[in-house]
Structure formats: structure tokens, C-alpha cells
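First up is the structure itself, then whatever we jot down about it.
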Amino acid sequence: MSTLLDRCRSALERYRRSLDGSDDSVLNLPEDSLPEIVRAAAEAVTTEVRLIVPVRPGIYRPDSYTEKVWRQLARRGVRVRKIAVVPHRVVAGSAIDQLREQDTAAGVSTHVVTVSELGKHNENRPTAVFLFDSDLVITESSSDAGFTAPWSASARSGDIADSQRRYDEAWAWVSESIATGALSLEEPLILSADLVSGVSDVLCTADHIDPTGCAWYHGAWQYLRLFDLVSTPSWHDSFYREALGRALAATANPSVVITGTADYSMLAYVLAIAPQVPVRVLDLCPTPLFACQWYARRKGRTIEVIEADLLEPPRFPPASVVVTDAFLTRFSSDQAARVVSSWRALLRKGGLVVTTVRLHEELDREFDSEKEFESFHQRALLRARRWESFLRRSPDELAILADQYARRMKSNDLGTRGEIIDLFLRGGFQVLSAERALVPGELRPSSYLRVVAQAE
């Protein structure tokens, strides 16, 4: 017999052993075995099945064999709870409607949540989890390393307890968010990130972020927002909803000016809270103005965009509200004073500024910057893998963009809470509130001041 054939036979035996695994409590499963494994496990279930099911367009089918198994279990009296994870409700399309209709008819309790919304519970791309009673968990591999067995079935108590804990936390969070209406404002980032990044190479010229050119910033920004890696209004969700809602409700003939915006994120809040209020968006760079126009058209709204320098504000009828997020620290102390004066010039008497300002505290100086940059790079790489099927750029390319952003983006120290309040007072404002809040931060956890100031 051929020696080479013997070597091949030995290699095949090693491969089969690697699939079976050395732990009797764990089975590594080839993908094509999943339907039969699910069926066999389902036959023994008596109480409950808990599911996390990624809805991947072009791959997921609401009428697949495994989905039919879950519905059969529900009809049999087994409690079936499902978290369906979609990249974006627009992208998921009719699959979600079919899923809800068929699950509801069968008695399956299903919550639909986006990847971004569930991100706090799942650092990597969304992976399938099937929990059978408290006896077995079947999970999809979250690795992109090319494992031969993309699924595993485990009866180990540690694996089951960990999956139960993570699932129950996610289910409780999603259920509460749906009940209270607190789910984050969903924006079509998955539809616009490639578009905005592409036009940035053409439209970006220079702005206050970088006077030599800002394509590295605007070209990466929507991807980083998609990955929840950068400071956005969603980090201050309740503040903007409540402060903007009160400000606009308290004013006759309200109008809004957004001054300085990396994309349409602030506009999304304004249109969600006050869909009929006139809105102007002012920015020095054409790229975020393009993004705002794109978003407004999707919402059926007409807005005015103005390409201008806020340090030399254009003249137009004064507004009732100026709003912007994490904008003031893009300027030096002297320039920040001019920005506040410009805000005053844009507002009618009694008008309000609603904004956040990063506080640079002593803790900021205790970190190793190089380690932070590397951590940011790795987090971007991991989170980019969630979206690999939906974006033109590869995870490696996106991680490079993230690294460039982390190394080039600057936030200026404008002083303590008292010094920032004084900045507004000197600019012609009365500060109505200035609450400190801790947010995840970009490179590290960071404190922000949430400011509402009234023009005198």
C-alpha cells in the first residue's frame, strides 16, 4: 500500500478527531449536519428554547427547516423565545415581515433588534445561539479564522450558564427597550456609509478638524458610528430627546440650526423629535452637508444646507435652537469663545443652545496612547466583521481607517466645568443646566458636559 496514502489516511483520522473533539461534553458540527442535530435536540425538549438568530439577507430564510422546528415546538407547548438580529430593518426587508407573521401564528415570542442596538451584548458579529432547556447549547462560531466546524453543541455547565446569562440579559434589555420606547434612534448607516466615504474623497476640502483636508475624518466617520466607536448623539440619547423636545415645544414658530456635524446624526434627532420644524445645517465641509441632504430626502423633508465657516457666521433670520454634538472641543480656547459668540448671533433672544462638551480630566493623562490606538484598531477590526457582508471595504481596510482616525483626531481641553460655563456666560448666555455624564468614549471612558444655555 502506498506510503503516501497511509499518510493521507492518518491525516483524515486526525481531521475526524478534531471535528469530534476531545471533550465528551462538546461536539464540533459540520454545517450540513445542523438541521439533523437541531431536530434531534428538539425532540427531547420539554420546557423552553431560547434563540438568537442573525437575519442575514441573501442567506436567512424565514421558512428554513430550523425555523419550522422552532414553530413546531411552540405549537407543541414549548416556550420559544427568539431574538432576531438584523443589520438594518431596511436591509432585512420582507424577511422580517414573514418571520413575524409566521412566528406569531405559531406562538413563538420574537423580538427584532438591529446589530447596533444589540452591540453592547455582543462584541463580535452576531452569532446564532440555540439553548435547549438548560441541558444543551448549540452555537455558531464567532471566529473568522476558518475553523473546520462552524457550529458546536455543548452540554458543559459553564458553556450553558454563560450562554443563558448573556441571552437573558439581552432578552431583558430588548424587552424593556421595546416596552419603554427607548431603543436607540435607528439610522440607515448601513445604506450610507459606503456612499459618504466614497464622496469624501471628492467633496472634502478642509475644515476645523483639519485645515489641510478632512477626507480621513469624514471618510471613516460613518463606519465608526456603525461600529459605535465614536462620540455621537446616541451616547446622549435621553439628553437630546428631552432637551430638544422641551426647547422646541416652548417656542412659538420654532426653527433649528445645526452647526458643525460630521454627518446626519444630529439631523436625525431633530427630524425625529420635530418633523415639521424648519432646519438649517451649517458646516465648512461639503461632505456632511451632502450626507444631511441624502438623509432628509429619505425622510421626505426639505432642509437648507449652508457651506460656511461658523467663525464668520452667515446672516439669516435668527433661530430658536442651535444644536450640535461634541463640537466645541474641536477648537482652541480662543476659537471656542468665538464659536459661542457665533451661536449667540444665530439665535433670537431667549433662544437655546443644546450641546455636549467633552471634559478633559486628570484621568485622561494616565493612559498609554500607543496601547489605546492599538486597542481602538482591534475593536474596529472585530466590529467590522459584523458587517463584512454589507460593506464594500474589508474589515482590515476599515481597521486602518479607524487607526488613522484615532491618531489624527484631536479634542482640545477647554477647562473645568466651571470654566466651560464661564465661556457661555461671557458669550451672552445664561446656563440653564450643565450636567456631567460618563460615556464609553473613543479611546477611553470620557466625561461630557451636557449643556443647555439660553441667549440673553
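Points to keep in mind about this one:
- Neighbours of ILE306, meaning other residues whose beta-carbon lies under 13 angstrom from its beta-carbon, give a summed charge of -3 when Lys and Arg score +1 and Asp and Glu score -1.
- Helix-only CD estimate at 222 nm, as mean residue ellipticity for the chain, using -39500 (n - 2.57) per DSSP H run (n ≥ 4): -14000 deg cm²/dmol
- For the stretch 234-324, the Cβ-based charge dipole about the Cα centre amounts to some 400 debye (Lys, Arg positive; Asp, Glu negative; other atoms uncharged).
- Taking the stretch 229-348 and dividing mean pair separation by its residue count, relative contact order in percent (alpha carbons under 8 Å, at least six apart): 28
- The aspartates and glutamates whose alpha-carbon is closer than 12 Å to the alpha-carbon of LYS410, local same-chain residues fewer than 8 away aside, are ASP210, GLU442.
- Using the Cβ of GLN72 as centre and a radius below 13 Å, the other residues enclosed give a net charge of +1, where K and R count +1 and D and E count -1.
- Near ALA206, the amide H atoms lying under 5 Å from its own belong to CYS214; only residues 5 or more places off or on other chains count, and H is placed 1.01 Å from N.
- Residues LEU226, LEU359 arranged by fewest to most Cβ contacts within 10 Å: LEU359, LEU226
- Candidate aspartates and glutamates for bridging to LYS68, where Cα separation is under 14 Å - those fewer than 8 sequence places away on the same chain excluded: GLU36, GLU43, GLU101, ASP103
- Table column - 3J(HN,Hα) (Hz), the stretch 293-302, Karplus curve with 6.51, -1.76, 1.60, x for Gly and Pro: 4, 4, 5, 4, 4, 4, 8, x, 10, 10
- Computed from backbone phi, the HN-Hα couplings of the stretch 213-221 come to x, 10, 5, 4, 7, 6, x, 9, 4 Hz, rounded to whole numbers (Karplus: 6.51 cos²θ - 1.76 cosθ + 1.60, θ = phi - 60°; Gly and Pro given as x).
- Among LEU224, LEU189, the ranking by other beta carbons within 10 Å of each residue's beta carbon, starting with the fewest, stands as LEU189, LEU224.
- Relative contact order of the chain, pairs being alpha-carbon contacts under 8 Å that are 6 or more residues apart, as %: 12
- Other-chain or far-sequence residues with amide H under 5 Å of THR110's (modelled H): LYS82
- Normalised by the number of residues in the stretch 189-455, the average gap of Cα pairs under 8 Å and 6 or more apart makes the relative contact order 20 percent.
- Shown for THR47, THR355, THR261: other C-beta atoms within 10 Å of each C-beta, ranked fewest to most, produce the order THR47, THR261, THR355.
- Around the Cα centre of the chain, unit charges on the Cβ atoms of Lys, Arg, Asp and Glu (plus for the first two, minus for the last two) sum to a dipole of about 1100 debye.
No value in this document is a laboratory result; all are computed from the given coordinates. Computed from a prediction, not measured in an experiment: that's the story for all the values here. Because the Cβ atoms are built from the backbone with ideal geometry, glycine has one as well, and the counts that use them run over all protein chains shown.
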